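Everything below concerns the one structure shown next.
The values are calculated or read from the model by the stated rules, or taken from the named source; none is laboratory data. Owing to the predicted nature of the structure, the values given are computational and were not obtained by experimental measurement. Here the Cβ positions follow ideal geometry from the backbone for every residue, glycine too, while neighbour counts run over all protein chains shown. Accessible surface areas use protein heavy atoms only, side chains included; no ligands, DNA or RNA. Shrake-Rupley method; radii C 1.70, N 1.55, O 1.52, S 1.80 Å.
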Amino acid sequence: MIGDADWSIRQAAFAWLTDQRETVGEALPRTALENFSVDGRRIPLMGPQGIWKPAVCELPISITTIVSGPYEDEYDSGRGLLRYAYRGTDPQHRDNRGLRRAMVERVPLVYFHAVEPGRYVAAYPVFVVDDDEHSLFFAMQVDDLRSAIETASGTLSVAEDPEPRRAYVTATFRRRLHQVAFRERVMRAYKERCALCRLRHHELLDAAHITPDSELEGEPVVSNGLALCKLHHAAFDRFFFTVRPDYAIEVRPSILAESDGPMLIVGLQQIHGTRIHLPRRAKDLPDPQRLANRYELFRQAS
């Protein structure tokens with residue numbers, strides 16, 4: 001079994017990642033992940049290899065899937081598993097042996113998945129639950145941090161019968177990953193500005209779906225999104241206004257007729273008839289057919 005120092009580093013990493021997600025957001029910059037430290041000692045949480053073991057750890061502490069990487073990592077929705085490719089084709093490579101030992105000893109890791117170059121969503125704790133030498137893949141599952149691990153006399157113990165919970169948490173992570181990836185790509189396309197009012201503050205911006213993600217056609221692609229500040233996102237979802245296929249903004253007549261102070265005037269009434277600010281790349285432009293479909297719903301709601 002790994003020693004107390006290695007366990008302590010993992011616990012510190014989980015706590016730090018939780019704090020980072022609450023303060024920075026879901027998409028974490030690689031520079032921050034490479035500069036994690038414990039008691040003043042730098043311990044990078046990721047490195048040049050996908051399977052990463054810092055020098056101070058006995059076993060790998062993280063695995064990473066990058067954008068356009070050399071390995072095809074997969075998700076098995078039927079079993080609620082992440083399939084992570086071996087390092088190379090040699091099952092006895094030290095990195096593969098490290099993950100195999102982590103499986104046997106039930107040692108938790110962090111899984112980083114890139115949503116944009118240099119920005120990663122973190123899932124933790126992740127457990128290796130199977131090893132397929134024939135296909136050169138490990139099977140992983142994400143678990144709930146509080147349920148999976150409890151501190152007892154300086155060590156970690158894993159709860160009994162975790163499979164149903166892990167399958168659910170893994171599926172939840174996959175949905176969160178798609179949502180974060182969608183947001184990051186929409187924000188980049190719109191240069192981190194609201195398409196209506198040009199507000200720049202990242203924490204006050206959302207990626208709004210034109211076709212809701214609850215529908216089959218609501219794919220998380222940039223052409224199905226608009227970068228909107230939280231006020232305009234809420235108003236857009238409730239059909240206070242819409243964006244026509246020609247990219248002009250149309251405000252609901254009842255809203256135009258209201259008299260409710262400067263926020264209503266500046267935030268909604270004055271945008272009527274203006275055009276949204278558009279991404280530069282043609283493939284990122286809002287899909288006119290999606291906007292047309294939404295315009296019909298807007299007219300019905302008006």
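Rounded, prolate or oblate: which fits the range 102-150, taking a ≥ b ≥ c as square roots of the Cα gyration tensor eigenvalues, rounded meaning a/c under 1.5, else prolate when a/b beats b/c? Don't skip to the answer; put the middle values down first.
Numbers: a/c = 2.92, a/b = 1.11, b/c = 2.62.
Oblate shape, in that a/c is at least 1.5 and b/c is the bigger or equal ratio.
Rounded to the nearest 20 debye, the dipole magnitude of the chain is 1100 debye, with +1 charges on Lys and Arg beta carbons, -1 on Asp and Glu beta carbons, and the Cα centre as origin.
Of 197, 57, which has the most accessible area and how do the rest follow, probe 1.4 Å?
Working: 197 65, 57 5 Å².
Largest accessible area first, the residues go 197, 57.
Each of [x] 70, 42, 36; [y] 64, 43, 32; [z] 57, 46, 42 is a candidate for Cα extents along the principal axes in Å; the one calculated from this structure is [x].
Under a 5 Å amide H cut-off, with hydrogens placed 1.01 Å from N, residue 137 pairs with 86, 132 among residues at least 5 apart or on other chains.
In terms of the Cα gyration tensor, with a ≥ b ≥ c the square roots of its eigenvalues, is the range 190-264 rounded because a/c is under 1.5, prolate because a/b exceeds b/c, or oblate? Cα axes put the range 190-264 in the oblate bin.
What does the C-alpha gyration tensor say about the overall shape of the range 151-302? Classify as rounded when a/c is under 1.5, otherwise prolate if a/b is larger than b/c, or oblate. Mind dumping the intermediate values first?
Numbers: a/c = 2.28, a/b = 2.06, b/c = 1.11.
Judged from the Cα gyration tensor, the range 151-302 comes out prolate (a/c at least 1.5, a/b above b/c).
The residue among 28, 38, 89 whose Cα reaches farthest toward the positive pole of the charge dipole of the range 1-134, with charges on the beta-carbon of Lys, Arg, Asp and Glu, is 38.
On the protein heavy atoms, probe 1.4 angstrom, tell me the percent of accessible surface of the chain carried by carbon and sulfur. Display every interim value, and only then the final one.
On the way: 7780 of 15260 Å².
It is 51 percent, rounded to a whole number.
Applying 1/(1 + (r/R0)^6) with r as the Cβ-Cβ distance of residue 146 and residue 297 and R0 = 35 angstrom yields a FRET efficiency of 0.30.
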